[in-house]
Amino acid sequence: MTTTTTFTVRPATLRDAKAIADLHNATVCEAFQSATPNAPVPVEALEKSQSHWREAIEYAEPQVHVALLGEKVVGFVGFDRSRDKGTPPTTGGIWHIYVASDYVGLGAGLSLWDSAREGLLEEGCTNVTVWVPIANDRALRFHELAGFKRENNSAKTVPIGTARVEEIRLKRSLT
């Protein structure tokens, strides 16, 4: 594959739930192990099962789109209104965005971001936020290249099993 690989992005269907669950669990393990190398991946980090994704897809909570190479799901994004307290209804949120490691850097993430951006604009959102672990340099770099800026006083620590992960919120305009 080259850097000009073309990915198709479409709304997820119920048939995609297993591939999304498998991809989610694999990428969460990779990210968790790189951010906290001495801690075992907690079961809580892998709780999003096939049934979870089937429900998300069926009820569009969040909206889920998949990136495909041919017929293979290589990434997905979940987006909707922001879940953060005190945000206006015109603020959207990227709830999840994951790409299989073999496809990182080939445009799948950008294709997913473009799809989420279009969906949030259709919902009337003017801004979007995303929470990213501070130790996940690759995810921070991706979002910053996509125009997101760190919100300096937003850092928080999130317990995941026995580990504690520091996250920061990033924000950008959709217009």
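Ranking Ser154, Ser101 from most to least accessible surface, computed with a 1.4 Å probe over the protein chains only, gives Ser101, Ser154.
Based on the Kirkwood radius over alpha-carbon pairs, what is the Stokes-Einstein translational diffusion coefficient of segment 98-175 at 37 °C with 0.692 mPa s viscosity, in µm²/s? Intermediate results must be reported in sequence, preceding the final value.
Working: Rh = 13.6 Å.
Answer, rounded: 241 µm²/s.
Between Val104, Val130, Val158, the Gaussian network model of the chain with springs among Cα atoms under 10 angstrom shows the greatest mean-square fluctuation at Val158.
Just to make sure I understand: if all protein chains stay in place, what is the order of Tyr59, Tyr103, Tyr98 by accessible area at 1.4 Å, largest first?
Numbers: Tyr59 145, Tyr103 25, Tyr98 60 Å².
Descending accessible area places them as Tyr59, Tyr98, Tyr103.
Placing unit charges on the Cβ atoms of the charged side chains and taking the dipole of segment 79-172 about its Cα centre, the candidate lying farthest along the positive direction among Leu120, Ala155, Tyr103 is Ala155. Each listed q (0.14, 0.18 Å⁻¹) maps to a log10 I(q)/I(0) for the chain, found by the Debye formula over equal Cα scatterers with no solvent: -0.75, -1.30.
Would you calculate the convex hull of the Cα atoms in segment 53-154 and tell me its volume per residue in Å³?
Working: hull volume 11.8 nm³, N = 102.
It comes to 116 Å³ per residue, whole-number rounded.
Using θ = phi - 60° in the Karplus curve 6.51 cos²θ - 1.76 cosθ + 1.60, the 3J(HN,Hα) couplings for segment 119-134 round to x, 5, 4, 4, 7, x, 7, 10, 9, 9, 10, 8, 9, 10, x, 4 Hz; x is entered for Gly and Pro.
Here the Gaussian network model covers the chain, with springs between Cα atoms less than 10 Å apart; of Asn127, Asn25, Asn152, Asn152 fluctuates the most. For the chain, the fraction of 1.4 Å probe accessible surface lying on carbon and sulfur atoms is 50 percent. Once backbone amide H atoms are built at 1.01 Å from N, Arg81 has Gly93 as its partners under 5 Å, excluding neighbours fewer than 5 places away on the same chain.
What residue among Thr27, Thr157, Thr91 shows peak mean-square fluctuation when the chain is described by a Gaussian network model with Cα springs under 10 Å? Maximum among the listed residues: Thr157.
Each residue of segment 165-175 is assigned a 3J(HN,Hα), and the resulting list reads 10, 8, 10, 10, 8, 10, 9, 7, 7, 8, 9 Hz, derived from the Karplus form 6.51 cos²θ - 1.76 cosθ + 1.60 (θ = phi - 60°), x at Gly and Pro. Annotation: per residue accessible area for the chain equals 54 Å², rounded to a whole number [probe 1.4 Å, protein chains only]. Using θ = phi - 60° in the Karplus curve 6.51 cos²θ - 1.76 cosθ + 1.60, the 3J(HN,Hα) couplings for segment 98-103 round to 9, 10, 4, 4, 5, 10 Hz; x is entered for Gly and Pro.
The values are calculated or read from the model by the stated rules, or taken from the named source; none is laboratory data. The model shown is predicted, which means the values in this text are computed figures rather than measured ones. Please note: Cβ atoms are built from the backbone with ideal geometry, for glycine as well, and neighbour counts cover all protein chains shown. Protein only, heavy atoms only, side chains kept; ligands, DNA and RNA dropped before computing areas. Shrake-Rupley method; radii C 1.70, N 1.55, O 1.52, S 1.80 Å.
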